[in-house]
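Values quoted throughout were computed directly from the atomic coordinates according to the rules given, and no laboratory measurement underlies them. It should be emphasised that the depicted structure is a prediction, and the values quoted were computed from it without experimental measurement. Heads up, the Cβs are rebuilt from the backbone with ideal geometry, glycines too, and the neighbour counts pull from every protein chain shown.
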Amino acid sequence: MLQKRQGTSAVMGYEMAQQCAGLRPNLDFDEQCENLFIPQHLPSRLLVLDDSYIDPSSPALSRSSAATKVNDENKLQKKSQASSAIEDGWHIISNTTDLDDYLARPDSTQAFAIRHTEHSWSQLNITQSIFDRLNDDMQTQNALKEMITYMGERNRDEIAPPTPRILISQRSKDDRQLKTCYALRYIALNQAGESQDPWSLRQYVARSSFGTAQEHSSWIFVALPDAIMAQIRETLLSNCTGAYRAGLETHMYLVEYATSCWRPYLFYLVGEVEKCNGKLSFGAPGGTQKNKFDLADIRIRLKNIEDQIEDARVSIENNKTTIGRLLDSFTEYCGDYEALGLDHNDTETAFKSLWSSFYDSQSLIVQFDSLKNKTLGCTQIAASFLELENGLRLTALTEAAHKEQERAAKMAEQSQKDAAAVKALTVIASIFLPTTVVLNFFSASFIDTSHDTMILVGRWWLFIVVAAPLTFVTLGLWALWMQFKLRKLKRERENRQA
């Protein structure tokens, strides 16, 4: 199993950060500290591995020798006298004084676990002073800072972490030291409820240092999932197997968890695509009310699924790159067994598991690509249906407009008929107007026709005095009104032309 991946080489030092898939903004650690750590006045909750708190039923204890069991029983007695708090079997450190006391113990495996305060995007539950002290003593340089800069509270999209930092150094002929610092992405259920996406994209960071001639190792874990906290603790406490073997097994568990969690998420996305596909298959635009559906909502949902698939693919690709780098490094680190005094069987299980995770990541990428192609097909169908629905709506609008035009034509025809009738009435009135005037004239009181002859009374001139001014006033008012209307129409025409 100690083989190198084709086209890759072992890592011989900390390399410059490479851009992962997609664009990654350049975040500054100092600028993100306020979002990463809790305020200085709050107590920290830094979890540390303390072998004086070993559970007698722990598998790590059952694997120890008889002499080791005696020592562990003595440590259990210390546990009853200790006053410090314990969380999931890990000792809690809340200040730099306790941290310095813990770091002053070089004869045991040292492991630190940093958790979030509440959820996966909340602040880390330690202060910056505790982190700086830990970072300086463990000599992580900038590697750990780069990894955790993309954690904590943030109002931005999820992105892939930097590539792993790995250093192999030869202290002596029989002592080869391996330092690693990397982040792995995984998916987990959240408490968002059915109204939102029930899955969240998360990550955890692991920093390690151990050597072939060392009995102990040092570790820093950030945002480690609860599901593997106990497993990691038990593995690191089994120092009877050697620090190098416990270290490889710890990396194996970290990689296995980050790889295995993606398949349930893949099944979930497949189900969501099938739901959308079912709606598109059994419904059609313009159908009955029972079969109708909102195409716009389906298209938006499919677009969200495409984004989720792409995020998952980028994360798995990042994990695959990290696993490949670890395999290259472990191959070089454990390459010369006889010179290092190692047993080939001690690392066989870990290497098999890492290669299995590597190939599983490749398989997951292919499956997510296939699901993305299927999603794109559904999106195209939804787009076609949406265009068809828009066409049907446009046809309906055209038919409504045509009917409206028909109604307008009928109204215009009726108006013409009414105008013709009014015109006929006007002509008839014009014909009878002279006769009416004449009859009214002869029926006026200033003409006497009671005798055989027509006699004009003496005040006949009153008719002219009254009728003539009224006629001129009427004609004048009509002329003024027409002039006003003509000027108004002229101004409106000039405004439209301007």
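Some values worked out for this structure:
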quantity: Burial order of peptide ranges 246-256, 266-276, 467-477 (average beta-carbon count within 10 Å, highest first); calculated: 246-256, 266-276, 467-477
quantity: Ranked by how many other beta carbons lie within 10 Å on average, peptides 37-45, 110-118, 348-356, 398-406 from highest; calculated: 110-118, 348-356, 37-45, 398-406
quantity: Residues with amide H under 5 Å from that of R185, placed H, sequence gap 5 or more; calculated: N319
quantity: For the range 348-356, 3J(HN,Hα) per residue [Karplus equation, 6.51 cos²θ - 1.76 cosθ + 1.60, θ = phi - 60°, Hz, x = Gly/Pro]; calculated: 4, 4, 5, 5, 4, 5, 5, 5, 4
quantity: Mean Cβ neighbour count within 10 Å, used as a protection proxy, ranking 176-185, 388-397, 367-376 highest first; calculated: 176-185, 367-376, 388-397
quantity: Residues with amide H under 5 Å from that of N190, placed H, sequence gap 5 or more; calculated: W199, S200
quantity: Residues with amide H under 5 Å from that of A113, placed H, sequence gap 5 or more; calculated: L47, V48, F221
